[in-house]
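Taken together, the values in this text are just the output of simple stated rules run on the coordinates, not laboratory data. None of the values given here were measured: they were computed from a predicted structure. Because the Cβ atoms are built from the backbone with ideal geometry, glycine has one as well, and the counts that use them run over all protein chains shown.
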Amino acid sequence: MGNSELWCTLLLLLSIQGEVLCNVYHVGDLHAWGIPTSSNPQIYTKWSKSHNLNIGDSLFFLYPPSEDSVIQVTSESYNSCNLKDPILYMNNGNSLFNITKPGDFYFTSGVEGHCEKSQKLHVSVYGNGSYVADSPAYAPAASAPSYPTVFGSIPMQAASASASPLTRIPVFVSAVAGIFCIIALIVV
C-alpha cells in the first residue's frame with residue numbers, strides 16, 4: 001500500500017469515526033398534530049416524556065394546513081394560551097423545527113381554542129443531551145366537539161416500544177478528509 005493510499009484510508013476512517021446522528025421526531029408519533037382525543041387526552045405529555053431530544057434533532061409536526069398550524073411561543077404564552085406575537089409561525093402541514101441550542105421550547109396550535117384543549121407541547125433540551133419534557137395535564141373542555149379532532153393515523157408500521165426516531169440522518173463531521181483523499185488519489 002502506497003503512502004498516499006495509507007493516508008487516504010486513515011482519513012476515511014477518521015471521517016467515519018466523526019459521524020454524528022441527528023434524529024427527526026414525529027410529534028405524536030403515528031398521530032397527526034391535533035387536539036387530543038378523549039381516548040388519548042395526554043398524547044403530547046406521553047410523547048414528550050418518551051423521547052430523549054438532543055441538540056441537532058428536529059421536531060416534525062404533521063397536520064392539514066387548511067385546518068391547523070404550529071407556533072412556537074414563550075413560557076408565559078404557553079401557560080396562558082396566548083397566541084399573539086409567536087416566536088415562530090409554521091403553517092405548511094409538514095413543519096420541521098430544528099433544535100440548534102439547549103433550552104426550553106414551547107409549541108401550541110395557532111388555531112384559537114386548540115391550546116386550551118391541550119394541543120400544546122413543551123420540551124427542554126440541555127447541552128449534555130439530557131432532557132425534561134412535559135405537556136399539560138388534560139382538562140376536559142366545557143363542551144366536547146361531536147367531530148373527530150385528531151385527523152387519524154398515518155398508515156405506517158406500529159412504533160416500537162423503545163420509541164425510536166422515525167429518521168436517522170448521518171452527518172459527517174470530517175468532510176474535509178474526503179477532499180484530501182480525492183486530492184491524494186489525483187496527485188498519485
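A few remarks follow.
- Residues within the reach of a label modelled at Val24 (point 7 angstrom out along Cα to beta-carbon, backbone nitrogen below 18 Å), restricted to the stretch 77-94, are 90-94.
- Sorted ascending by nearby beta carbons within 10 Å, beginning with the fewest, Lys46, Lys120, Lys101 become Lys101, Lys46, Lys120.
- When the Cα atoms of the stretch 85-124 are aligned to their principal axes, the ranges along those axes come out at 30, 21, 19 Å in descending order.
- Treating r as the C-beta distance of Glu76 and Ser124 and R0 as 22 Å, the FRET efficiency rounds to 0.85.
- Taking 0.36 nm per residue of separation and subtracting the Cα-Cα distance, full extension of the segment from Tyr89 to Ser66 would add 6.8 nm.
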